[in-house]
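Step one of this worksheet: look at the structure below.
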Amino acid sequence: SARRLLQQEPGGAAAAGPELQGNAPGAKMVTASKATVPTIGDQASAMQLSQCAKNLASALAELRTASQKAQEACGPLEIDNALSMVRDLEKDMKEAKVSAEEGKLKPLPGETLEKCCQDLGTSTKAVSSAIAQLLSEATQGNENYTGMAARDVAQALKSLASAARGVAATTDDAAARGAMLDCAGDVMDKSGNLIEETKRAIAKPGDAESQQRLAQVAKAVSQALNRCVNCLPGQRDVDNAIRTVGEASKALLADSFPSSGRSFQEVQSQLNEVAAGLNQSANEVVQASRGTTQDLARATSKFGQDFSNFLEAGVDMAGTSQSKEDQTQVVSNLKTISMSSSKLLLAAKALSTDPSSPNLKNQLAAAARAVTDSINQLITMCTQQAPGQKECDNALRELESVRGMLENPTEAVSELSYFDCIDSVMENSKILGESMAGISHNAKNSNLPEFGDSVSSGSKALCGLTEAAAQGAYLVGVSDPNSSAGQKGLVDPAQFARANQSIQMACQNLVDPACTQSQVLSAATIVAKHTSALCNACRLASSKTPNAVAKRQFVQSAKEVANTTANLVKSIKALDGAFNQENREKCRAATGPLIEAVDNLTAFASNPEFASIPAQISPEGRAAMEPIVVAAKTMLESSTGLIQTARSLAVNPKDPPKWSVLAGHSRTVSDSIKKLITNMREKAPGQRECDDAIEVLNGCIREVDQASLAAISQQLTPREDISMETLHEQMAASVHEISNLIDPVAVAARSEASQLGHKVSQMASYFEPLIMAAIGAASKILSSQQQMAVLDQTKTLTESALQMLYTAKEAGGNPKAAHMQEALEESVQMMKEAVDDLGATLAEAASAAGAVGGMVDSINDAINKMEDAHTLEPEGTFVDYQTTMVKTAKAIAVTVQEMVTKSNTNPDDLGGLANQLTNEFGNLADEAKYAAVTAENDEIGSHIKKQVGELGFSCTGLVTKAGALQCSPNDSFTKKELIESARKVSEKVSHVLASLQAGNRGTQACITAASAVSGIIADLDTTIMFATAGTLNRENAETFADHRECILKTAKALVEDTKLLVSGAGASQEKLAQAAQSSVTTITKLADVVKLGAASLGAEDPETQVVLINAVKDVAKALGNLISATKAAAGKPHDDPSMLQLKNSAKVMVTNVTSLLKTVKAVEDEATKGTRALEATIEHIKQELAVFSSSEPPAKTTTPEEFIRMTKGITMATAKAVAAGNSCRQEDIIATANLSRRAIADMLHSCKEAAYHPEVNRDVQMRALRYGNECATGYLGLLEHVLVIIQKPTHDLKQQLANYSKRVAGSVTELIQAAEAMKGTEWVDPEDPTVIAENELLGAAAAIEAAAKKLEQLRPRTKPKEADESLNFEEQILEAAKSIAAATSALVKAASAAQRELVAQGKVGAIPANAVDDGQWSQGLISAARMVAAATNNLCEAANSAVQGHASEEKLISSAKQVAASTAQLLVACKVKADQDSQTMKRLQAAGNAVKRASDNLVKAAQKAAFDAQDDQAVVVKSKMVGGIAQIIAAQEEMLRKERELDEARKKLAMIRQQQYKFLPSELREDSQEQ
């Protein structure tokens, strides 16, 4: 399992960030080990592996921190270090040369010629790539990144030197050995010069001369590298063959081709013969490139020879051609063949240095096919055989060239998915069927042109079939769980090489003097197409690579290519406009930089680090492929026979034996294709694995069921061989791995058939360990309820996984199976929910037991995920992530403080808090990934990640200490350590906040400012409450005039701050920060001076005080919104929607400040202050309406009852407004203004909150929002009308007030109906007595349960050992009190059920018709329920006091009697209306009896205890006479005092009963007298 996981992880050491190379394989090792732990049966091994993985993870974390610090300290020394390393390598090469000459150079263990040659090829590419990177960084003048690039060059050269030494040591030829070491030494020398030159260039950034020198030195290095590669055995032979092809092709440049004097037939048959030979050689080169270097040498030499022979025959054919036109065409075809032959040899050369590259193998096969195609073209043109013969020959050559695909299909042949392969086979088999029918039909009737067409289309179909079969077989092999699929590289070097070649050819055409205008434009199109493809590939690669240096390099290279292309296009446009020599020269000059940029990019992209990893197909995988490959081979062989037979039949159709052979071949082809299709259908990847996994899961479900049955019958024997903590860890590890595999299985089932088997097998392998651990854990749990919970949740998870496997099998990785996608999505969702449920249960159990291993792992996982996040597509901006991170970081700080508090008071709570801290850190790390990607520059991003990482390590320390303290709460040393860890975490939190601030100081200041403003608003709300209550008093004898000036001045200053804020959104972060801070200072001052001003008005005028404070509160609210809008708009372009929002917020702000100024001026003017208050209220309502109408959902939701309660205020406010309109008194108007503001704002808030409740459907939501809007608009109309009346009171206007108030009343009615609709059939009136009764009953039940819980926690106090009875008494009290609490709780719940039943039966109206009667009944029920709750509470208090020795037994007895009495009253209240025979009533009666019984028991226990205690009281009688008399008098006095107190207590009780009696409903009075 671990091996498989490691194989499947892409990337290697170099994939990590620059300072962490070598850390990535470690992290992969940890992940793989953790994933393997659950699957190991042996406990000791599993624990050891788990522990080792943890140790490795923490060591890696420390290494990461240390290497980051080292990088900060040693960054500038990188270049010098790289240089000294390269010079040392140069010395090593010289020493190796001396050893070789003395015959002492020996290969190291494990070195073979093949391996060393391969290493040399790979390291050459790595060196080229690193040099391209170095040049790019040096050009930009970034010292830090140049240092890293220099280090990469030195590392790559080290590998090259080692490989070169190996090749020399394993080569027998002394000359070759010397040449290899000389060339390697030369590479080292030139590379040293390059690094020295780079160092100089960095010192003088932008200096043209040093850049030029740098380019020259780099060229020298790349030439030395080429020489080095050419020294490899096998390479020389390929080079010779390439040279042979080049030399032979020179014959094609001649002006005339003399005839050789041979007849056309002779030349034609010779050409056919050598064509077959060349075709054969090309296929041999493909085969040999997979073998040894000797094989390749032989095959290429033969190819060179055959090519020379072929070209000779071709030139002969050109000479024999009749017309000039034919001759030109022959020569042009020969040139094509020459070019494709060169490409074939180059591909063979590249592959021999890097045999494991899948891209190169495919390129080589494609090159061989290109040779075949170009030969076929020439033959078709040149030969004059009977029609149909050429087509047959071409077809046979094509089949020969695709045969190699089936030899060893271990590489992907194309991009087709498995189901595309099946479709392709079906399609091509149809075409082939038609072609075969056409071949026999046309041969029979001698329709030779049609016969030729049928052969050609049949051949194409066969090639398509072979390709699809090879790709399908590869996918079947790879999908076997023991195989590992090839990994796609970061870039496709072949694509880069192709683009490079096309761009170079297009540039050559551009500068060719014979080039016409249309050719120039077509060349420009080719350049543009390929450069844009390169730039896109770079963009993709930079987003995927985790290596920061490579990321930069890809972006930089893409920029260079784009810029040089833009320059070239500009010069091409000029040339197109004026087609002259000068412009042509400019065009030629512009091609140079482009070719250079593309060359550099191609060199960089050829780095082996970015290459693909080939697939490793297991023997099982090969066996699975076999049937498909065999069927395809049979089809090819029979097809070849069929075409050969058809070829002779076309010439001689009257040959009966041949016809029967043809029929036989045709039958075999059909059968083999049928077999191919059947095999492909049966072998669909992943199906077998899905079946196996389904079987495993079914077995698991059976095991859980058996365990559940055993648990129910108490026969689940506990596992003794393992601790509970280990079982929990095993379960958690399995659940974690299963949850990680849900999405990969889903993705594979949707569209990646080849991955389905792997992922499904992996997932199934975790279920058996999960089930074992779950049953083990359940066997150790004592509570049967918890046992069943664990087993049930495990079973649910297994069942949801089974469901998912069924749908995955059905979907099978076929993207076209659209009908399965929805079912798959659903099963994925179900499984995720099941995993979350079980995970939460486990986390809870772990935190309760103080087991923190899982939490530490979660924190480490979060850190690793954050570090490895390189392919992210952030949805928000930096500001969004910054805001959330600040909130989360503060939440962490609060949790940490709480942990410190609990460590002293209640260590048992530490587990839960540690779990909370883990979750909060997980959220923080998740946001940090995106914040780092969206930060202004890489430096800030990496700084944020670094600080969050360090915070994570501190959190693991704190969580570990919390677990330790929970296990030993009294260990003072651990407590100290925990406090120290907490201090560290708090410190790291401040570092995280600081790093976020550095990222965007301005937006950070906005976040802080918004938080400060919300504090000011809350403070003003409190002040309004004081003012409304009439307690906001003036200090001394001050007047409002003392404060007016100060208020006006501060308000004007705030307007200036507003302007700064708005302009700050587009300015620098620094200015934005200043503006935000300044505005908060000003609003704080303004709020303070307005509060003082309001107080100076005096408590006798509260309404005016409220008007004034409301005005400043509106300003504060507007400022809060403005700050949020500024934060959102910071750094955005002018046409961004957030800018529009900012302008609107600024307008509202100015309006509100103006409104405040007007209010301040009108406050002391008795004639206008009411009018002013009303104007301010109208403006406020308009702003509230704007917020209400926006599409943004509210922060919280509320219930429809709350909403209805809020509408009541509007009715009151309307009445008040009409009255104020009629009276026109300023005091009434001010009161109306204040009341209206509050009523409408509350209604709008609660309307929106209720409408957005998740249970409210869309139609009802729209309806509620519409009527909410209408109601507020109607009310606005009413207030505006009142405003008109005040200014000009007439009788007519006052008459119209009624219409306005009716409109508002209508809207309120509609609103209430909308609220009813929200509630659905369950709707209740919150004022309805029956509802209040029910709520009270439920409330009473809750109160009783809380009291019972309190009793649960009590323990009898420890005191000196006395008689057993007294200890027993305290136990008795507690037990009895507990049983009473439980019984009353049951009673009140039963009463609640009875009450619901009455409503359902209609005995009590849901909305009462006989409101008086029912209301009275409900009141009785409510008071009875309250009394039960109160009495039970008293009882618990008394029991508590009695146990602790603070209260008497009498108090306990009276409390118990009170419970009994109030219970009786509750029963009576319920009986009044109930049906005596109903089931609920019986339950209620039973519950009542239980309470009575429990109370009696307590009374008995307490009385017995009191009685025993009295017996024990020994009276000491004094012996002296006087003393004796005094004692008697004291006793009598005490008796009289007690009698008097008893009388008084009786009177008091009677009075209380009389008072309560007044409130009881009539039907209860007689009953209660009987009590």
Just the accessible area per residue of the range 818-921, please: how many Å² with a 1.4 Å probe? 46 Å²
Taking only Cα atoms, what is the 0 to 90° angle, nearest 10, from helix 358-382's long axis to the longest principal axis of the chain? 40 degrees
So for the chain, averaging the separation of alpha carbon pairs under 8 Å that are six or more residues apart and normalising by length, what relative contact order in percent results? 5 percent
7 Å from Cα along Cα→Cβ at both residue 722 and residue 65: what's the point-to-point distance in nm? 3.4 nm
Using the crude model of +1 on Lys and Arg Cβ and -1 on Asp and Glu Cβ, and no other charge, please compute the dipole size for the chain relative to its Cα centre, in debye to 20. 1640 debye
For the range 568-699: accessible area per residue (Å², 1.4 Å): 47 Å²
Okay, helix-only estimate at 222 nm for the chain: each DSSP H run of n ≥ 4 adds -39500 (n - 2.57), divide by all residues, round to 500 deg cm²/dmol; what do you get? -29000 deg cm²/dmol
How large is the dipole of the range 936-1049 about the Cα centre if only Lys and Arg carry +1 and Asp and Glu carry -1, each at its Cβ, rounded to the nearest 20 debye? 380 debye
Rounded to the nearest 0.05, what FRET efficiency is calculated for residue 1088 and residue 1036 with R0 set to 25 Å and r the Cβ-Cβ distance? 0.90
With a point put 7 Å past each Cα toward its Cβ, work out how far residue 482 is from residue 596 in nm, to one decimal. 5.6 nm
For the range 286-369, what is the accessible area per residue in Å² when the probe is 1.4 Å? 40 Å²
Considering only C-alpha atoms, what is the centroid distance from the range 934-993 to the range 300-322, in Å? 77 Å
Report, in degrees rounded to the nearest 10, the 0 to 90 angle that the Cα long axis of helix 448-479 makes with the longest principal axis of the chain. 50 degrees
Residue 77-residue 938 FRET efficiency (beta carbon distance; Förster radius 22 Å; 0.05 resolution): 0.55
Carbon/sulfur accessible area of the range 396-484, % of total, 1.4 Å probe, equals 51 percent
Would you mind telling me the share, in percent, of accessible area of the range 74-196 contributed by carbon and sulfur at probe 1.4 angstrom? 53 percent
Using a ≥ b ≥ c from the Cα gyration tensor of the range 497-621 (square roots of the eigenvalues), is it rounded, prolate or oblate, where a/c under 1.5 gives rounded and otherwise the larger of a/b and b/c decides, a/b for prolate? prolate
Pop out the ³J(HN,Hα) list for the range 255-262 in order, Karplus 6.51 cos²θ - 1.76 cosθ + 1.60 with θ = phi - 60°, rounded to Hz; leave Gly and Pro as x. 7, 10, 10, x, 6, 8, x, 7
Of the listed pairs 633/674; 390/460; 430/460, which have alpha-carbon separations greater than 18 Å here? none
Nothing charged except the Cβ atoms of Lys and Arg (+1) and of Asp and Glu (-1): what's the magnitude of the dipole of the range 868-912 about its Cα centre? Round to the nearest 20 debye. 260 debye
In the chain, with Lys and Arg counted as +1 and Asp and Glu as -1 at Cβ, which of these residues, 789, 955, 258, has the Cα nearest the positive end of the dipole, that is, farthest along it? 258
Mind giving me the FRET efficiency for residue 1539 and residue 1497? R0 is 41 Å, r the Cβ-Cβ distance, nearest 0.05 is fine. 0.85
Relative to the longest principal axis of the C-alpha atoms of the chain, give the angle of the C-alpha long axis of helix 910-934, reported between 0 and 90° and rounded to the nearest 10°. 40 degrees
Potential extension, residue 114-residue 706 segment - 0.36 nm per residue separation minus Cα distance: 207.2 nm
Assuming a viscosity of 1.567 mPa s and a temperature of 4 °C, what translational diffusion coefficient in µm² per second does Stokes-Einstein assign to the range 25-125, Rh being the Kirkwood radius over Cα pairs? 70 µm²/s
For the pair residue 1486/residue 1202, report the inter-label distance in nm, with labels modelled 7 Å from Cα in the Cβ direction. 3.8 nm
Hey, what did the range 877-966 get for relative contact order, percent, Cα under 8 Å, at least 6 apart? 36 percent
Report the accessible area of residue 991, computed with a 1.4 Å probe over the heavy atoms of all protein chains in place, in Å² rounded to the nearest 10. 70 Å²
Residue separation between residue 101 and residue 415 times 0.36 nm, minus their alpha-carbon distance, gives in nm 107.9 nm
Counting alpha carbon pairs within less than 8 Å and at least 6 residues apart, what relative contact order, in whole percent, applies to the range 187-278? 23 percent
Reported label for calculated Cα extents along the principal axes in Å given (i) 197, 95, 84; (ii) 161, 86, 79; (iii) 149, 87, 62: (ii)
How much of the accessible area of the range 576-730, in percent, comes from carbon and sulfur atoms when a 1.4 Å probe is used? 53 percent
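The values are calculated or read from the model by the stated rules, or taken from the named source; none is laboratory data. The model shown is predicted, which means the values in this text are computed figures rather than measured ones. Neighbour counts run over all protein chains shown; Cβ positions are idealised from the backbone, glycine included. Each accessible area value is taken on the protein alone, full model and side chains, heavy atoms only, with ligands, DNA and RNA left out. Shrake-Rupley method; radii C 1.70, N 1.55, O 1.52, S 1.80 Å.
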